[in-house]
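See below for the structure under consideration.
The values are calculated or read from the model by the stated rules, or taken from the named source; none is laboratory data. Quick caveat, the model's predicted, so the values are computed rather than measured. Cβ coordinates were reconstructed from backbone atoms using ideal geometry, including for glycine residues, and neighbour counts include every protein chain displayed.
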Amino acid sequence: MNAESTVSVTSNEDVRSPGEMLAQGRQRSGRTKEEVAVQLNLSVDQIQALEENRFGDLPGKTYVQGYLKAYARLVGCEEKEIFRNFNLQEDTSIRGIKPVMTGPESGGRHKKVWSLLVIVALGVLSFMWWQSREQADVGSRGADLIQRDMGSISQDPDQNEVWTETRILDPATMQSTNASETIGEPESSLTPQDVERAQPEDELRARIEAEELSLTREQNAETAGPATDIPQSESSPGTLVDDAAFRGGEAPSTPAQTSNGRTVTFEFDASSWVDLRDADGQRLLYEHINQGRQVSVEGKPPFSVFLGNADGVRIEYDGKPFDFSAYVNGVYARFSLGSDAP
Amino acid sequence: MLKRILGLFSNDLAIDLGTANTLIYVRDKGIILNEPSVVAIHTSVGGGNKTVLAVGHEAKRMLGRTPGNIQAIRPMKDGVIADFTVTEVMLKYFIRKVQENRFLRPSPRIIICVPCGSTQVERRAIRESAVSAGAREVYLIEEPMAVAIGANLPVGEPTGSMVLDIGGGTTEVGILSLGGMVYSTSLRTAGDTFDEAIINFVRRHHGILIGEATAERVKKAIASAWVKSENREIEIKGRDIAEGMSRAVKLNSTEIYEAISDPLDAIVQSIKKALEQTPPELSADIGDKGIVVAGGGALMRDMDRRLMEDTGLPVVLADDPLTCVARGCGRALEEMDTLGDVFAHE
């Protein structure tokens with residue numbers, strides 16, 4: 001029975017409210033509420049509210065804590081005890097102020113990790129897009145260069161001559177090809193006067209055809225005997241061959257694989273545009289080839305090679321590596337292959 | 001743009017750049033730095049090169065104990081920058097110390113509190129010092145506002161709140177309502193003034209020269225702001241002015257009260273002046289609720305009783321008064337959007 005009563009007294013003391021403790025302290029010190037109010041510069045109503053734990057009637061938590069502290073010190077109560085009980089009744093967390101921590105908060109770290117991941121992902125995507133764009137550029141640039149070169153060749157006879165000079169390698173073969181190509185062509189009806197009357201956009205082509213015609217007639221005069229009234233030209237047969245060559249489609253097709261054919265092997269370390277033509281100007285390869293591929297082509301030398309991305313291509317000619325670094329001009333390279341072959 | 005990206009990896013900071021101590025509140029973490037605003041500088045032979053020897057606690061231990069080639073400097077005086085270069089060095093050191101991520105060299109947003117009486121030039125000096133120390137954006141907040149926010153007063157409500165911050169270099173008095181300052185004043189009488197008063201008193205009455213560190217020790221141990229406080233004693237040693245020898249002397253609370261009564265009176269007068277300038281409705285609110293006192297001066301024994309007696313107002317000591325300004329800056333940082341425009345403008 002005694003033990004039970006002791007326990008109940010202790011528990012009652014433990015749950016004593018701050019107001020009760022202050023009121024008891026005031027009574028112990030022999031002060032009235034009015035005296036306390038005067039000494040703390042508070043109103044009697046405020047003192048009563050404190051003693052009755054009506055903290056909601058007081059200005060705010062900061063002020064209430066301050067009043068409790070001052071009251072406790074005045075009447076000689078233990079501040080810690082009063083605040084412990086006060087904190088049991090009130091929510092102690094102050095809005096917006098987090099307690100001092102020694103380590104970083106996990107939420108903040110997660111936010112940082114996610115931010116970092118997003119930035120890395122964006123960076124990777126940007127890099128991939130840039131890479132793909134660069135490859136497309138290389139391909140289209142190669143194609144553009146070829147088209148531009150061909151355009152300039154067809155429009156500028158001087159340029160055409162320069163280009164053809166590098167390609168006149170086997171006059172005998174070319175001459176025969178030329179002869180077979182030009183005899184009996186319908187364009188033989190064209191005269192230089194027809195050329196003069198041609199439309200401006202077709203002027204160049206007409207002029208070339210007229211030139212070709214005159215040369216054909218000269219050739220015929222040499223081989224067949226009968227003389228013509230067209231003046232003789234000093235042009236070399238090689239020029240004719242190449243004229244036919246750059247007109248591509250108009251040239252008669254010849255087999256790519258011949259008995260004395262040579263093999264050209266391309267190895268693509270990077271994607272590149274390739275234009276490969278044989279001695280007859282026949283297109284053996286004319287496409288954009290992706291990285292990692294290896295392409296072998298057999299044809300009649302000498303070959304005319306154009307590479308859109310020269311740095312990314314390796315060439316083997318008849319199984320032997322061929323160094324074309326001397327012909328690299330910027331990103332592309334244009335050269336002749338097998339010119340000293342028999 | 002780069003600073004913004006780096007800002008993702010930095011924690012925003014709130015800095016109480018005080019005359020005596022610098023406290024840094026890091027967003028989401030709390031106050032993680034509290035060091036004296038002292039820098040020790042080593043000057044090489046010939047006076048050419050100057051290198052920072054120590055900052056903070058370590059430098060404070062050197063105050064008054066340095067050889068000729070080392071200077072222990074307090075770069076802040078009366079709440080504002082006295083030595084721009086050294087303040088910048090100190091800020092850089094503290095900011096680097098609290099930032100975890102050293103690889104990315106983050107550039108945080110920083111809130112710094114300034115005395116309400118500081119001039120435009122002084123505020124710009126503080127702002128530029130923070131920018132030089134690596135801040136992405138700098139916000140200034142007046143100390144009374146920071147105290148009010150730190151003490152969780154209803155700054156945004158239409159009710160008057162009065163705060164008193166007795167710091168190291170300045171004492172700030174502010175009356176706030178509806179998120180703004182109704183009245184504020186800054187007094188260059190504060191903790192340092194008490195120390196100087198004690199040094200002068202001991203020299204005059206005991207013929208002994210003591211240093212700042214000893215004066216501060218006396219202040220913390222036995223100084224009281226109220227004449228009826230319990231009397232306490234402390235023994236200190238200093239240099240005898242006449243003999244030049246070290247001599248010990250016992251000081252008591254009554255003597256120290258006498259020594260610091262002038263600066264204490266100045267503080268009380270500034271409160272009375274503020275109350276005189278306050279509109280009547282706000283004055284009634286303040287009379288009802290009282291003054292909230294923060295800063296190191298609030299820790300002086302019976303400061304609240306002295307203020308209660310002299311002003312006739314209830315006096316409330318803020319929770320942890322030394323960190324109240326830093327907590328206020330921190331809360332302003334975290335609740336920048338909800339608190340509204342509580343920042344100071346140049």
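Tabulated data for the structure shown
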read-out	value
Qualifying residue in the stretch B:250-265 (condition: free of Cβ contacts under 8 Å to residues at least 12 places away in the same chain and under 24 Å from B:Leu63 (Cβ atoms))	no
Boolean, B:Asp302 is on the phi > 0 side of the Ramachandran plot and modelled with pLDDT under 95	yes
Lone unmet requirement of (1) in a helix (DSSP H, G or I); (2) within 21 Å of B:Val292 (Cα to Cα) for B:Ala215	(2)
Output for the stretch A:262-281, where each listed residue is of a type outside the set (A, V, I, L, M, F, W, C) and closer than 14 Å to A:Gly338 by Cβ	A:Arg262, A:Thr263, A:Thr265, A:Arg277, A:Asp278, A:Asp280
Any hit, the stretch A:67-86, residues being touching a strand residue (DSSP E or B) at 6+ places or on another chain (Cβ under 6 Å), aromatic (Phe, Trp, Tyr) and facing another protein chain (nearest Cβ under 9 Å)	no
Any hit, the stretch B:158-176, residues being surrounded by 24 or more Cβ atoms within 10 Å (Cβ to Cβ), aliphatic (A, V, I, L, M) and modelled with pLDDT under 90	no
Matching entry among B:Asp83, B:Asp16 (being modelled with pLDDT of 85 or more, among the acidic types (Asp, Glu) and buried (at least 22 other Cβ atoms within 10 Å of the Cβ))	B:Asp16
Residue within the stretch B:156-173 that is within 14 Å of another protein chain (Cβ to nearest Cβ), closer than 21 Å to B:Leu23 by Cβ and of a type in the set (A, V, I, L, M, F, W, C) present	yes
Criterion violated by B:Val114 - all others in (1) surrounded by fewer than 22 Cβ atoms within 10 Å (Cβ to Cβ); (2) under 21 Å from B:Thr323 (Cα atoms) satisfied	(1)
Of residues in the stretch A:38-57 being within 11 Å of chain B (Cβ to nearest Cβ) and surrounded by fewer than 20 Cβ atoms within 10 Å (Cβ to Cβ), the one nearest to B:Val292 (Cα to Cα)	A:Asn41
Residue in the stretch B:266-278 that is in contact with a strand residue (DSSP E or B) (Cβ under 6 Å, 6 or more places away or on another chain), acidic (Asp, Glu) and within 23 Å of B:Arg188 (Cα to Cα) present	no
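Table: residues versus (1) in a helix (DSSP H, G or I); (2) away from every other protein chain (no Cβ under 14 Å); (3) surrounded by 13 or more Cβ atoms within 10 Å (Cβ to Cβ); (4) at pLDDT below 70.
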{"position": "A:Val100", "(1), (2), (3), (4)": "no, no, yes, yes"}
{"position": "A:Arg109", "(1), (2), (3), (4)": "yes, no, yes, yes"}
{"position": "A:Lys112", "(1), (2), (3), (4)": "yes, no, yes, no"}
{"position": "A:Val120", "(1), (2), (3), (4)": "yes, no, no, no"}
{"position": "A:Val138", "(1), (2), (3), (4)": "yes, yes, yes, yes"}
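Residue by residue, here is whether (1) in contact with a helix residue (DSSP H, G or I) (Cβ under 7 Å, 6 or more places away or on another chain); (2) in a loop (DSSP other than H, G, I, E, B); (3) at pLDDT 85 or above holds:
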site	(1), (2), (3)
A:Thr263	no, no, yes
A:Glu267	no, no, yes
A:Trp273	yes, no, yes
A:Leu276	no, no, yes
A:Val297	no, no, yes
A:Val305	no, no, yes
A:Ala333	yes, no, yes
A:Ala341	no, yes, no
